[in-house]
Amino acid sequence: MNRKQFEELHGYEDTSLRIIDCALQGKCEQEWIDVKEFLPETALDWAELAKDVAGFYNQMGGYIIFGLDDNFEIRGEERCHDFDSKLINDKISPYLSTVRIKFASHRKESALLGVMYIPSKVEGRAYVWMEKDGPQKGSRGNLFRKRDIFIRDGDETKAIDNLQKIEDAFSGILGNDTSEREIQYIRNRLYKLIQPDYSSFIGRDEYKEQILNYLDPEHISMIVNIGGVGGIGKSALATWATHQLASMATYDVIITVSAKERELTSKGISSINRNFFSYEDLLREIITGFEFEAPDDMSSDAMEEFVQDLLTTGTCLLFIDNYETVEDSRIDNFLKNKLVTRRDQRHKALVTSRNMEIPGEFPIKLDGLNYSELETLFSLLADAMNRPDLTIDNGVDLSS
């Protein structure tokens, strides 16, 4: 099932045999479709299903087909006769009281299959979270905790952190800011840094120590990747690190470029006027960072040769923000093979990305704020909005 087919069928809340036929054509799980060989039986099974439903709902909605194995081979699930929409909704409602699925069963090649339609959240509304703790799952504790939030990430259902809850809740109230803004930079000597958009940096002590260690010119790392889900604070942490390194004059040159196209601001989701796209753009930024100028007609080969010469004159930190949106493969090759060409060079690249498989032999997986940090953030937000009733314990629903 391709996206166009999905949007057409899902828009009509279709639960017909056509859903199964389209799924069998594609034969792969996607962000909007999942397959399960059996309907749930145990309390843990139903909680797992509720988690998947939440993931679909918080993204774009989707379908779960019962009676197909992971290879999209028809196995059949005769228990589909025993279930309808109401019964399934009753089973998952302790965890998701506001989400209502639709369910229908169909015969295909004499086997009984089930189709579950899952709606999507209304645009601009906050994510739904789990309304009670999930059951125990072996020795690993609860399957999930109350107020955990799940989304679809490719063909998987994944939890997102508490910071994402806050940002989404606030963006749901603030809406979208259709204005376009520019990334603001600070230029000081041979340093080009992003202007922080925060007045104080909360917590992250363990990550601060780790990133400064990796970015020490004497450390063996060459590419450091700060990864994590959107809105978790990757850019803020990287920006903090570059400012720290600049204040200590750790590098002779610090060059920052951003491939970010949108971000959450105090006015909502705002578009950013992106001006970094290609390998040539990167080379020009490096040349400018060393206080030279590349003529408009300078070829890529000539710029690359000039950059290699410049990199012999001092230590350089190259920070690329939002690397997952960079599509020019030559940039990837430059970071891996051309930024450092001699063993005595101490250049490094720092990238932020939602994709942890982006180049970087020293990845830093950024998780959510801890409870103490979250309390501090809630307090600051509550003060800024004149909402003394807003605390970490009473949630972030500001719709009333």
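Quick check on the exposure proxy: order Phe150, Phe277 from fewest to most C-beta atoms within 10 angstrom. Write out the running numbers ahead of the final one.
Working: Phe150 25, Phe277 14.
The order, fewest Cβ neighbours first, is Phe277, Phe150.
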Using modelled backbone amide H atoms (1.01 Å from N, in-plane), which distant-in-sequence or interchain residues come within less than 5 Å of Thr256's amide H? Lys192, Phe319
When we measure straight from the Cα of Lys86, which lysines land under 21 angstrom away, once same-chain ones fewer than 8 places off are left out? Lys36, Lys51, Lys102, Lys121, Lys132
Taking amide H atoms as placed 1.01 Å from N in the peptide plane, list the residues 5 or more away in sequence, or in a different chain, whose amide H sits under 5 Å from that of Leu112. Glu77
Sorted by chain and then number, the residues having a modelled amide H within less than 5 Å of the amide H of Gln59, at least 5 places away or on another chain, are Lys121, Arg152
To the nearest 20 debye, what is the magnitude of the charge dipole of region 3-160 about its Cα centre, counting +1 on the Cβ of each Lys and Arg and -1 on the Cβ of each Asp and Glu? 580 debye
Could you name the lysines whose alpha carbon sits less than 22 Å from that of Lys365, not counting residues in the same chain fewer than 8 places away? Lys158, Lys165, Lys208, Lys234, Lys260, Lys336, Lys348
Taking the Cβ of each residue in Phe103, Phe66 as the centre, tally the other Cβ atoms inside 10 Å and list the residues starting with the fewest. Phe103, Phe66
Two-site label geometry, Ser247 and Glu280: point separation in nm, points 7 Å out along Cα→Cβ: 4.0 nm
Could you give me the ³J(HN,Hα) list for region 65-74, computed from phi with Karplus coefficients 6.51, -1.76, 1.60 and θ = phi - 60°, whole Hz, x at Gly and Pro? 10, 9, x, 10, 7, 5, 9, 6, 8, 6
What list of ³J(HN,Hα) values in whole Hz, one per residue of region 332-343 in order, does the Karplus curve 6.51 cos²θ - 1.76 cosθ + 1.60 (θ = phi - 60°) give from phi, with Gly and Pro shown as x? 4, 5, 4, 5, 7, 10, 10, 5, 10, 10, 10, 5
Quick one: 3J(HN,Hα) in Hz for region 344-353, Karplus 6.51/-1.76/1.60 with θ = phi - 60°, rounded, Gly and Pro as x. 8, 7, 10, 7, 9, 10, 10, 10, 10, 6
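Evaluated at 25 °C with a viscosity of 0.890 mPa s, what Stokes-Einstein diffusion coefficient in µm²/s does region 3-160 have when Rh comes from the Kirkwood expression over alpha-carbon pairs?
Details: Rh = 15.7 Å.
So the translational diffusion coefficient is about 156 µm²/s.
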Expected sort for Lys338, Lys4 with the fewest Cβ neighbours (10 Å cutoff) up front is Lys4, Lys338
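We did not get these values from a lab; they are worked out from the coordinates using the rules stated. A quick note: this is a predicted structure, and the numbers were derived from the prediction, not measured. Methodologically, a virtual Cβ is constructed for each residue, glycine included, from the backbone with ideal geometry; neighbour enumeration extends over all protein chains shown.
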